[in-house]
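Student: Questions regarding the structure given below will be posed in turn.
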Amino acid sequence: MKIAVSAETTVDLTKELLKQYDVHTIPFTILLGDTAKLDGEVECEEIVSYVQRTGILPKTSAVNEFQFDEYFEKLLDRYDRVIHFSLSSEMSSAYANAQKSAEKFGGKVKVFDSRSLSTGIALLTIYAAELAAAGESFESVAEKCAKRIPYVQASFILERLDYLYKGGRCSSLAYFGANLLKLRPQILVLDGKMGAAKKYRGKIENAVRSYCRDTLERFDNPDLSVGFVTYTTASEEMLEIAKNAMKERGFQKIYVTRAGGTITSHCGEHCLGILYINDGKQA
């Protein structure tokens, strides 16, 4: 049985990794004013430049039910079954739309609410793809993936709060105070929702170092087979600090990827995260 592993473009995998693991994607839409672009076709720098020029955040639009209908139908022309991972239902309507669509395909499409975002979703797709490639049944792949969803550790550190403030996700007082004190907030995804956790002060590179240390200490039972360093924009020093922290912890594969347009539209520039599954399993 051929199983297709799928996600929306909010999975933030590179073209090379999508091909390597045979993961299929369907794009969100990003609106830069009156211009609509597909997630995956717009670079982070274009979004940052647009916000700097206009002072307006891009808007993002989830995949609708009709788009999922067409997408799943095409996949089922080539595969016997589809396992699809959606952006957390707490952040988007994509999961609800995918679920409604899946009901039309007689059990051949299984949709999961990832309860995560970005390469937190990618970790699940890679796991599913490896199980499918090893010949596991559709039911077995679905069951094993479902068990791992609660253990996905997804978090980020932000240099500034402009995008969260413009998007209505922090008060003007908190925004002013954070900028005045040069606070670098850590954003954790818990129960499918983004929320502020620790706050760091000072140079962003030093904040990244502390963020990586604290995250690895708090979520201290990682599956060391694979982890991600994912960012919108970052200095080479920021990336090296994050990669070295994961390498020292013992991660065997560390993929460095850039966040796509959807994540950049909500988090902005100089946003970096380390992501892994915190259940101690080895692939």
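The values are calculated or read from the model by the stated rules, or taken from the named source; none is laboratory data. Values in this document were obtained by computation on a predicted structure and should not be read as measured data. Note: ideal-geometry Cβ built from the backbone for every residue, glycine included; neighbour counts use all protein chains shown.
Student: Which residue is nearest to Ile3 (Cα to Cα), if the candidates are limited to region 110-141 and must be of a type in the set (Phe, Trp, Tyr) and in contact with a Lys or Arg (Cβ under 9 Å, 6 or more places away or on another chain)?
Tutor: Ranking the qualifying residues of region 110-141, first place goes to Phe138.
Student: Looking only at residues that are polar (S, T, N, Q) and not in a loop (DSSP other than H, G, I, E, B) in region 1-41, which one is farthest from the chain's Cα centre (by Cα)?
Tutor: So in region 1-41, the residues polar (S, T, N, Q) come out as 6, 9-10, 14, 20, 25, 29, 35.
This time we only want the ones that are not in a loop (DSSP other than H, G, I, E, B), so: 6, 9-10, 20, 25, 29, 35.
Numbers: Ser6: 14, Thr9: 9, Thr10: 6, Gln20: 18, Thr25: 13, Thr29: 16, Thr35: 24 Å.
Top of the filtered list is Thr35.
Student: If you don't mind, there's one more thing I want to ask. Filter region 97-146 down to the residues that are of a type in the set (Gly, Ala, Ser), surrounded by fewer than 16 Cβ atoms within 10 Å (Cβ to Cβ) and over 18 Å from the mean Cα position of the chain (by Cα) and list them by number.
Tutor: Gly106, Gly107, Ala133, Ala134, Gly135, Ser137, Ser140
Student: Follow-up. I'm trying to understand the selection: among the residues of region 129-150, which are out of contact with any helix residue (DSSP H, G or I) (no Cβ under 8 Å at 6 or more places or on another chain) and in a helix (DSSP H, G or I)?
Tutor: Hits for region 129-150 are Ala133, Phe138, Glu139, Ala142, Glu143, Ala146, Lys147, Pro150.
Student: Are any of the residues in region 164-176 under 19 Å from the mean Cα position of the chain (by Cα), at pLDDT 95 or above and in a helix (DSSP H, G or I)?
Tutor: no
Student: Give the residues of region 44-83 that are in a loop (DSSP other than H, G, I, E, B) and closer than 15 Å to Val5 by Cβ, sorted by residue number.
Tutor: Tyr79, Asp80
Student: Go through region 205-239 and count every residue that is of a type in the set (Asp, Glu) and in a strand (DSSP E or B). Break it down stepwise before answering.
Tutor: The first filter runs over region 205-239 and keeps only residues of a type in the set (Asp, Glu), leaving 205, 214, 217, 220, 223, 236-237.
Then keep just the ones that are in a strand (DSSP E or B); that gives none.
The number of residues fulfilling the criteria is 0.
Student: Follow-up question, since we're still on this one. I'm trying to understand the selection: among the residues of region 197-236, which are touching a Pro at 6+ places or on another chain (Cβ under 9 Å) and either over 23 Å from Ile149 (Cβ atoms) or not assigned by TED's automatic domain parsing to the domain that holds Ile254 (or both)?
Tutor: Within region 197-236, Lys198, Lys199, Tyr200 meet the criteria.
Student: Do we have Ser88 as surrounded by 14 or more Cβ atoms within 10 Å (Cβ to Cβ) and of a type in the set (S, T, N, Q) here?
Tutor: Criteria met by Ser88.
Student: Hey, among the residues in region 85-96 that are farther than 18 Å from Arg148 by Cα and at pLDDT 95 or above, which one's nearest to the chain's Cα centre (by Cα)?
Tutor: Ala94
Student: Then there is this: Which count do you get for residues in region 88-133 that are farther than 19 Å from Lys193 by Cα and among the hydroxyl-bearing types (Ser, Thr, Tyr)?
Tutor: Number satisfying all stated conditions: 3.
Student: Residues in region 193-243 that are loosely packed, with under 14 Cβ neighbours inside 10 Å and small (Gly, Ala, Ser): how many?
Tutor: Matching residues across region 193-243 total 2.
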